[in-house]
């Protein structure tokens, strides 16, 4: 453990300190985005099986209406983000690349913010199993970016005993202020959602971990903490990737998730603040997840800010609304460290999109540097939060020795945070190599 | 010291007698006649294991696709077995969308690798099934059988291709497959969009108009997922008649001497330079 930990500062070892760039949007309240004339709701916005559409082309749908049902446990349903008519169920571009089946809704001009479909429920009467089912019915996924179905995460594996629920409010990615604003503005929902999650997993305490560059968020949540002391807020060091669940567990509890294991094995479940806030708001009302908060930032945007965006809004509509100019720009979905450049502005905002970043051409030029040979300086080794050896992995990747990377150098423990690429003085795209290697190994295993 | 040397020498002498493993000398001989490429096209890990299996009679010499027919005949004569009737296979690309006919919607400027590009929202190509043209297959081919043409499409030299399957594995869009040379009819498209939308992305996309299926003998070609699919179990019925009325030229007649031939009604591609990005 680092020296800082001995002095009582909550942190993990290694990691990097990228420039935060949060000042443009951190103090901007969440604002609603109007409806786009056409919404695209992909059937696979989550990890797991795509949902099954239950509406037909030409059918009218109300805001909040169930339009696709979950296909098995490892799947979530989808709800209509606005009142309108189903125009098509067809292949549409996705942020991941391939065209995927999606429900296209032509939104009525008179569509308003009222959620027409809801089934309010008495949360106190539900058993943990019923809550898990209720969570699945809301269509909720991890809003931090991974889009892992929330009900699967809350379903504790048999035999595991959970003592602590960790609520991840780090938001360590530069530029993004989504979770920050949610914590400042929606404290009561967050606390309620946290209490539901604690009931489901059977945890006695919950810790909300927030990076210490967000004192206003910490202060805002403290006002709403329940009197019994079961939920606490802890400040953790501002360092990337503090918001990776394994890092946060180490920072807060000093426990380490075993290689290839799950946090549940060491008695912990981690959930993002955005996810639990949505849980706290949607569960009692019995509504589906139809909108989420997104940070739109970067030098290419005229009105950067935090927007409450209906899921399915095409990026083009969102960017036109906030004002962006020119075409020689790079649009990144997610943060600059782990987000992906999008190749089409027709892709919709999905449940897992936490931010849209628009970089102008001058920054892209500066970042497209020449790749030099590895000088074995070891900076990547000192930066890797998973304590892997990116130098060795990089050399093996160049030789396409993917099996050796996985078997001897723990490639599968790589969380693709990008710290190695970030610090490399030779500009070697290490994390890209590892993503390639992982994708080929996944294909070979299939 | 001398005594120790003698004692160990005796030990080694005994060991070499007692632990002697008989190895068929023909394995070395046959291995010499194999190409030493260790490419794995025959399905074994390399040339030596293939030689061992040849001696045991588990495989036929013809299964080595890298050796010339003469060299395989030589092995067959040496072992006194039949050379085996293995049809030559060639890697075929199921895409004809070069940058002059297929739309590029965004400029990709990351690592020059199809695999890397496909991980960044599928690469910059409008057709998300199509060839990204960054040449992972050209790099991986050990036999120099693949070269990228001026439109950023790989061209397979059928004479050099040994059907080792490396390009099949490396392509992130899964566009390569190994096909026997007797299969001349070929659908060079994987776009699953409806006809009009597919054609917007790429001039040579299959629009699933079903003319090829109507013209070809019954059952040879069918329409599945907005694509023409050839049933190669009926390959003997295949003729050029199926390609003649194809409006986009997505279905071609493969001829390794002249290259793929498009039908009579296929619209002519005059453009040579790349389409503008956007």
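The values are calculated or read from the model by the stated rules, or taken from the named source; none is laboratory data. Please read all numbers here as calculations on a predicted model, not as lab measurements. Ideal geometry is used to build each Cβ from the backbone, glycine not excepted, and the neighbour counts take in all protein chains shown.
Any residue in segment A:37-54 that is surrounded by 19 or more Cβ atoms within 10 Å (Cβ to Cβ), under 30 Å from residue A:388 (Cα atoms), in contact with a strand residue (DSSP E or B) (Cβ under 6 Å, 6 or more places away or on another chain) and outside the structural domain of residue A:248 (by TED's automatic domain parsing)?
yes
Could we say that residue A:211 is assigned by TED's automatic domain parsing to the domain that holds residue A:164, free of Cβ contacts under 8 Å to residues at least 60 places away in the same chain and within 19 Å of the chain's Cα centre (by Cα) here?
Yes, satisfied.
Exactly one of these conditions fails for residue A:121: (1) farther than 17 Å from residue A:138 by Cβ; (2) surrounded by fewer than 19 Cβ atoms within 10 Å (Cβ to Cβ); (3) more than 14 Å from chain B (Cβ to nearest Cβ). Give me its number.
Residue A:121 satisfies every listed condition except (1).
If you go through segment A:299-331, how many residues are assigned to a strand (DSSP E or B) and either surrounded by fewer than 23 Cβ atoms within 10 Å (Cβ to Cβ) or away from chain B (no Cβ under 14 Å) (or both)?
11
Hey, among A:139, A:145, A:97, which residue is outside the structural domain of residue A:203 (by TED's automatic domain parsing) and at positive phi?
So the residue among A:139, A:145, A:97 that is outside the structural domain of residue A:203 (by TED's automatic domain parsing) and at positive phi is A:97.
Kindly indicate whether residue B:167 is over 27 Å from residue B:86 (Cα atoms) and surrounded by 20 or more Cβ atoms within 10 Å (Cβ to Cβ).
Taking the combined requirement at face value, the residue does not satisfy it.
Filter segment A:335-357 for residues that are within 12 Å of chain B (Cβ to nearest Cβ), in a strand (DSSP E or B) and in contact (Cβ under 8 Å) with a residue 60 or more places away in the chain and give the result.
Of everything in segment A:335-357, just one residue is within 12 Å of chain B (Cβ to nearest Cβ), in a strand (DSSP E or B) and in contact (Cβ under 8 Å) with a residue 60 or more places away in the chain, namely A:340.
So which of B:264, B:271, B:245 ends up being in the same structural domain as residue B:190 (by TED's automatic domain parsing) and surrounded by fewer than 18 Cβ atoms within 10 Å (Cβ to Cβ)?
Matching residue, one of B:264, B:271, B:245: B:245.
Output the residue which, of all residues in segment A:398-414 that are surrounded by fewer than 23 Cβ atoms within 10 Å (Cβ to Cβ) and touching a helix residue (DSSP H, G or I) at 6+ places or on another chain (Cβ under 7 Å), is nearest to residue A:18 (Cα to Cα).
So the residue we want is A:414.
Can you confirm whether residue B:150 is farther than 18 Å from residue A:330 by Cα, more than 8 Å from chain A (Cβ to nearest Cβ), assigned to a loop (DSSP other than H, G, I, E, B) and out of contact with any helix residue (DSSP H, G or I) (no Cβ under 8 Å at 6 or more places or on another chain)?
Taking the combined requirement at face value, the residue satisfies it.
Run down B:102, B:96 and say which single residue is closer than 30 Å to residue A:345 by Cα and more than 14 Å from every other protein chain (Cβ to nearest Cβ).
B:96
Please state which of the following conditions residue B:78 fails to meet, knowing it meets all the rest: (1) in a helix (DSSP H, G or I); (2) within 14 Å of chain A (Cβ to nearest Cβ); (3) farther than 26 Å from residue B:158 by Cβ.
Result: residue B:78 passes all but (2).
In segment A:94-114, which residue that is surrounded by fewer than 18 Cβ atoms within 10 Å (Cβ to Cβ) and more than 13 Å from chain B (Cβ to nearest Cβ) is farthest from residue B:126 (Cα to Cα)?
A:114
When segment B:112-142 is examined, which residues are found to be within 8 Å of chain A (Cβ to nearest Cβ), under 12 Å from residue A:432 (Cα atoms) and part of a loop (DSSP other than H, G, I, E, B)?
B:113, B:120
Restricting to helices (runs of 4 or more DSSP H) lying wholly in segment B:190-258: which have 2 or more residues that are modelled with pLDDT of 90 or more and within 14 Å of chain A (Cβ to nearest Cβ)?
Because the criterion is at least 2 residues that are modelled with pLDDT of 90 or more and within 14 Å of chain A (Cβ to nearest Cβ), the helices (runs of 4 or more DSSP H) in segment B:190-258 that meet it are B:195-201.
Here's a check for you: in segment A:240-275, which residue that is part of a helix (DSSP H, G or I) and in contact with a strand residue (DSSP E or B) (Cβ under 6 Å, 6 or more places away or on another chain) is surrounded by the fewest Cβ atoms within 10 Å (Cβ to Cβ)?
Step by step, filter segment A:240-275, then rank; the result is A:263.
May I ask you to verify whether residue A:424 is away from every other protein chain (no Cβ under 14 Å) and either surrounded by fewer than 16 Cβ atoms within 10 Å (Cβ to Cβ) or touching a helix residue (DSSP H, G or I) at 6+ places or on another chain (Cβ under 9 Å) (or both)?
Answer is no for this residue.
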